[in-house]
Structures are given as structure tokens and as C-alpha cells.
1. Take each of the peptides 265-273, 224-232, average the number of other beta-carbon atoms within 10 Å over its residues, and list them starting from the highest.
2. So which lysines pass the test for residue 195, namely a Cα distance under 19 Å, with those fewer than 8 places away in the same chain ruled out?
3. Let's test the formula: R0 of 25 Å, r as the Cβ-Cβ distance of residue 96 and residue 121. What FRET efficiency results, to the nearest 0.05?
4. I need the phi-derived Karplus couplings for region 127-141: 6.51 cos²θ - 1.76 cosθ + 1.60, θ = phi - 60°, integer Hz, Gly and Pro marked x.
5. Hey, any idea what % of region 176-220's accessible area is carbon plus sulfur with a 1.4 Å probe?
6. Assuming R0 = 45 Å, what is the FRET efficiency of residue 155 and residue 191, from their Cβ-Cβ distance, to the nearest 0.05?
7. Going through the cross-link list 173/201; 199/270; 101/121; 122/151, which pairs have a Cα-Cα distance over 32 Å in this structure?
8. Using 16 Å as the cut-off for backbone N distance, which residues of region 185-207 belong to the label zone defined by a point 7 Å from the Cα of residue 213 along Cα→Cβ?
Amino acid sequence: MMFKHNFKKVLSATAFAVALVVAPAANVSAATNDASSTQQSATATSQDQQASQDQAASQSSAANQSSATAVSASSSTSTSSATSTSMVKKTTKKAKKTTKKSKKKAVKKVAKKTTKKRATKKAAEAAAKKAAAVKKAAAKKAAAAKKAAAKKAAAKKAAAVKKAAAKKAAAAKKAAAKKAAAKAAAKKKAAAKKKAAAKKKAAKKSAEKAAKYWIAMRESSGYYTARNGSCYGRYQLLISYLGGDLSKKNQERTADRYVYGRYGSWVNAKRFWLAHNWY
């Protein structure tokens with residue numbers, strides 16, 4: 001649209017230049033013709049004698065002048081035409097140059113706009129890339145922190161479990177030690193009791209043996225064949241108690257059976273004997 005407008009301007013300027021060139025050429029031609037007529041009149045008035053020669057000369061001069069005028073007019077026309085063509089070319093060149101300059105300016109503007117747009121896009125991409133990198137770094141940092149926290153929590157939990165296990169093991173060990181101590185104490189007590197019982201039993205046995213020996217000494221002086229009426233043997237038992245068996249073994253067995261059955265022990269039998277002089 002701009003080129004078309006400029007071309008119209010060029011055409012208008014060209015037409016104007018042609019009009020300027022053609023108008024002076026017409027004026028010059030008219031002036032030349034007037035000058036030729038005046039010269040011819042003057043020549044006819046001053047020299048009547050040489051009318052034919054002067055007229056011929058005048059006509060020749062006028063013809064020459066007319067020819068010169070025509071050549072001048074033609075030259076002026078050619079010059080005007082050349083000037084007009086040159087002007088048209090110059091105007092066209094200027095219009096082309098202006099168009100080229102405008103086009104170049106427009107291209108430069110578009111290029112500048114494109115460059116700016118690319119720069120903006122590049123800056124946006126760089127910003128987005130930077131934001132993505134920052135986000136990635138933040139995510140990585142958060143993941144590392146989470147991992148560290150999880151590791152710390154796991155370590156804390158493991159320590160707590162270990163501590164609880166150690167505490168439980170210590171309690172179990174203490175309980176086992178206590179149980180072992182109680183068992184040992186019970187065993188010791190039982191052993192002591194057993195020993196005491198054994199000692200008591202031994203003492204009782206010794207006392208029983210001593211009491212039995214004491215009664216035997218009092219009844220028969222310790223003889224198995226001693227006899228006093230219906231009583232016989234070491235412990236002076238009724239012969240009916242012995243059942244016809246007067247052996248030492250049967251005397252011992254029968255005497256124990258009689259004493260334990262009647263008094264509960266030889267010690268009690270001795271105590272009764274001391275009180276009644278018999279048993």
C-alpha cells in the first residue's frame with residue numbers, strides 16, 4: 001500500500017515537471033518568431049536598393065534563425081524530456097529507495113521484534129529451567145531430610161528396642177538370679193532341715209538305742225537266755241509273746257513291736273520304767 005501511494009506521488013511529480021518544460025519551450029518559440037519579423041521589417045526599410053539581396057539574406061537569416069530556433073526548441077524539448085526522464089528515474093529511484101528503506105526498516109523492526117520475542121522466550125525458558133532446577137533441588141533436599149529423619153527415627157526406635165531388650169534381659173537375669181538364690185536358699189534350708197532331721201533322727205535313734213540298752217540292762221543284764229518265771233530273754237518278755245521262737249533276732253523284733261505298740265518309743269518306755277520300775 002505504501003509503495004502504491006509513493007508511486008502515485010512520483011507520477012504526479014513527473015507530470016508537473018513535463019508541464020514546466022513544455023511551457024517555456026512554447027514561449028521561446030513565440031519570442032523567436034517576433035524577433036525574426038522585426039528584423040525583416042527593419043532590413044526592408046533601410047536598404048531598398050538591395051531588396052532582393054537583403055531580402056534573400058534576410059530570408060536566409062530568418063530561415064537560419066528559424067532553423068536555429070527550431071533546433072533550440074528541439075534541444076530544449078529534448079533537454080526537458082531528458083530532465084523529465086531523469087527526474088522520473090530519480091523520483092522512481094528515490095521511491096524505490098524509500099520503499100526499500102521502509103521495507104528494510106519494517107524487516108529490521110520485525111527482526112528486532114522477533115529477536116525481542118526470542119529473547120523473552122529464552123528468558124522465560126531459562127527462568128522455567130531455573131525454577132525447575134530449584135524445585136528439583138528443593139525436592140532432593142526434602143527427600144534427603146525425610147530420609148535422614150526416617151533414619152534417625154529408625155535408629156531411635158532401634159535404640160529404644162535395644163534398651164527395652166537390655167532392660168528386659170536385666171530384669172530376667174535379676175529374676176533368674178533371685179529365683180536361683182531362692183532355690184539355693186530353699187535347697188540350703190531343705191538341706192539344713194534334712195540335716196537337722198537326720199541329726200534329730202540320729203539323736204533319737206541314739207536315744208532309742210540307749211534307752212533300749214538301759215532297759216535290757218535293768219531287765220536281764222543284757223543276756224538273751226535270762227529267765228524269770230514266765231518271762232524270758234534279754235528284755236524279759238512273756239514267753240507267749242515270743243511264740244516259741246527264742247532266738248536273738250526274734251527277741252529284738254518282738255521287743256521293738258511291743259514297746260512301739262505300747263509306748264511309742266524306747267525313751268517313753270524307759271520313762272515309764274523309771275516311774276513304775278517295770279514297762
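The values are calculated or read from the model by the stated rules, or taken from the named source; none is laboratory data. Computed from a predicted model, the values in this text were never measured in an experiment. Cβ coordinates were reconstructed from backbone atoms using ideal geometry, including for glycine residues, and neighbour counts include every protein chain displayed. To get the accessible areas, we keep the full protein, side chains included, count just its heavy atoms, and leave off ligands, DNA and RNA. Shrake-Rupley method; radii C 1.70, N 1.55, O 1.52, S 1.80 Å.
1. Numbers: 265-273: 18.4, 224-232: 13.2.
Order by mean packing, descending: 265-273, 224-232.
2. In chain and number order, the partners are 183, 187, 204, 205.
3. Numbers: r = 36 Å, r/R0 = 1.42.
Given R0 = 25 Å and the Cβ-Cβ separation, E is 0.10.
4. 5, 5, 5, 5, 4, 5, 5, 5, 4, 5, 5, 5, 5, 5, 5
5. Working: 2460 of 3760 Å².
It is 65 percent, rounded to a whole number.
6. Values: r = 51 Å, r/R0 = 1.14.
My answer for the efficiency is 0.30.
7. Working: 173/201 40 Å; 199/270 21 Å; 101/121 29 Å; 122/151 42 Å.
Too far apart for the 32 Å limit: 173/201; 122/151.
8. Answer for region 185-207: 202-207.
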